[in-house]
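Trainee: My questions will all concern the structure given below.
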Amino acid sequence: MDELQTTTKDTVSVEAEWKRVEQLLAAKDDASWAMAVVEAAKIFRQVLDEVSFGESVEERIRNAGELFRDVKALLSAEKVYQHILGHIGHRVTKTDASKASAAFLQGILDMIGRDWKERGWFERWTTGLNYFWGTHPRMLIGFLTGILIFVLLVWFLAKVEIGKWLVGLAVGFADFMLASPVLLGGLGLALVISIFLGIAFSGRRRG
């Protein structure tokens, strides 16, 4: 989506705010979808207040009707928004949330004289990924740390003599284990018994 920015009296930049709407729509829960509609409606109102007048949002939309391509879609989106506010815990489908948000976005673009090009699958995927990492910062830190450790470990095993020695030792141990079915079976049995004992101990502690 191209940068969105109004040129009215009090300039209202909506590009960064709309990214929040897209992130919420990319989520997997209906609470986020409902919040996406709320955020979209808030941004729409910021721009609408600069170009129209009236006591209610519906009245302001109708008073600026010549600016909008689809007044009916905007009024429907406004009803969805009002229903979310008026019914705590109201569940909204992703389809309805996307439709309402798209109507608000088109309304914004109509008011500021811009066209909107729908994002491709790659842009939608990156938006969803950004939302996931933004809501799971610790997981992101752990993931990046894991990659760094893996790269350093590979370099150490491939370039340093002691690393090469450790690789040879590990390969020799694996060959020895695979060449001895009895020993391999014994280790497997010991692993199963340890898992069973761990589960039994955990269940006893909960009891």
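The values are calculated or read from the model by the stated rules, or taken from the named source; none is laboratory data. These numbers were taken from a predicted model, which means no experiment stands behind them. FYI the Cβ positions are ideal-geometry reconstructions off the backbone, even for glycines, and counts take in every protein chain you see.
Trainee: Being of a type in the set (A, V, I, L, M, F, W, C), more than 41 Å from the chain's Cα centre (by Cα), at pLDDT below 85 and not assigned by TED's automatic domain parsing to the domain that holds Ala26 is the requirement here; does Leu169 meet it? Spell out the reasoning first.
Mentor: On the way: of a type in the set (A, V, I, L, M, F, W, C): yes; more than 41 Å from the chain's Cα centre (by Cα): yes; at pLDDT below 85: no; not assigned by TED's automatic domain parsing to the domain that holds Ala26: yes.
Here the answer is no, as Leu169 does not meet what is asked.
Trainee: Quick check on Thr135: is it over 27 Å from Arg60 (Cβ atoms), among the β-branched types (Val, Ile, Thr) and at pLDDT below 80?
Mentor: Spelling it out, Thr135 is indeed over 27 Å from Arg60 (Cβ atoms), among the β-branched types (Val, Ile, Thr) and at pLDDT below 80.
Trainee: For region 1-57, give me each residue that is modelled with pLDDT under 85, part of a helix (DSSP H, G or I) and either surrounded by 14 or more Cβ atoms within 10 Å (Cβ to Cβ) or in contact with a strand residue (DSSP E or B) (Cβ under 9 Å, 6 or more places away or on another chain) (or both).
Mentor: Glu15, Glu17, Glu50, Val51
Trainee: What pairs come up if the first residue lies in region 134-163 and is of a type in the set (S, T, N, Q), the second is surrounded by 11 or more Cβ atoms within 10 Å (Cβ to Cβ), and their beta carbons are under 8 Å apart, counting only those six or more places apart or on different chains?
Mentor: Pairs that qualify, where the first residue is of a type in the set (S, T, N, Q) and the partner is surrounded by 11 or more Cβ atoms within 10 Å (Cβ to Cβ): there are none.
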